[in-house]
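Each reported figure results from applying straightforward, stated rules to the coordinates on display, with no laboratory input. On a predicted model such as this, the values are computed, not experimentally measured, just so you know. Heads up, the Cβs are rebuilt from the backbone with ideal geometry, glycines too, and the neighbour counts pull from every protein chain shown.
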């Protein structure tokens, strides 16, 4: 599907973009991948990795800037929307800025993609958008709703929008694994709560989910990857088995367990071998066979959260992942 096509990724210098671009170049050989972002230094650093490859282009811009989006999207076939204000405390202390990027930016992108006749758009979401308790999660829930609704007013332009949702990305900048690894020699690791659990997904798995979504989507679906959970105390023990664990309390806006499908979503959710699909409760899309395909309806009241997950990551699996990815941890 992506072979010989032009793809644009917003926020493309982040962790996801730095994984998506080389994997997609290798697998699909697109005509062009355009990285749209507002940080010139990150673009400068990323460009060095692809020096001499004419398929990779860089475009300074911000999803808040509607006019710039129209220019960037000229001739684009597919879009991955990865741009967001993501750090929970940052969003709490800068709420207006979070809304401008995560909600207004989504609206700008939807309008621009429709007007520029982009074929398909996949927006990256987060577990925090399911039953949100912080501003970041609330803005991403609003963003998800906007992308789903975008299918209703694309009209004759036929632009399709879908969403992918996944949890904690292992080893990404600012996440718990590189943090624990950076302080493990101090002999004490801070644990917010001994009961806390988190979903665990690699960036490679996230990229595969986006590829699948582009291939499978009819428009309006929210794809949720099946991934293992792990207790934060077990994660800390694997990284620093000799270190003492000190409980410091849950931070403002932080959940004890991550959730990706709520009980309310269960009424419109279908299960597949490697993922779930939440169908939109608008028009007749929740009963649309072209969207359901071979999915199996989940029971009413079903909740997919990191504490009730049937799949758990073992100590050995985590250690193996760390050994393989040690040089990339904290730099992706």
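Overview of values
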{"read-out": "Gyration tensor over alpha-carbon atoms, the chain, equivalent ellipsoid semi-axes in Å", "value": "31, 25, 19"}
{"read-out": "Residue 300 paired with residue 248, simple spin-label distance in nm, labels 7 Å along Cα-to-beta-carbon", "value": "4.5 nm"}
{"read-out": "Segment 234-332, relative contact order in percent, only Cα pairs under 8 angstrom and at least six apart counted", "value": "32 percent"}
{"read-out": "Relative contact order for the chain, counting Cα pairs under 8 Å that sit 6 or more residues apart, in percent", "value": "16 percent"}
{"read-out": "Coordinate range along principal axes, alpha carbons of segment 19-133, Å, largest first", "value": "43, 31, 25"}
{"read-out": "Convex hull volume of segment 195-326 per residue (C-alpha atoms, cubic angstrom)", "value": "134 Å³"}
{"read-out": "Ranked list, fewest to most other Cβ atoms within 10 Å of each Cβ, for 303, 282, 76", "value": "282, 303, 76"}
{"read-out": "Cα convex hull volume per residue for segment 280-325 (Å³)", "value": "160 Å³"}
{"read-out": "Inter-part distance where segment 1-45 and segment 244-279 are each reduced to a Cα centre, Å", "value": "28 Å"}
{"read-out": "Over segment 20-128, relative contact order from alpha-carbon pairs under 8 Å, at least 6 apart, %", "value": "27 percent"}
{"read-out": "Among 161, 20, 180, residue whose mean-square fluctuation peaks in a GNM of the chain (springs only between Cα atoms under 10 Å)", "value": "180"}
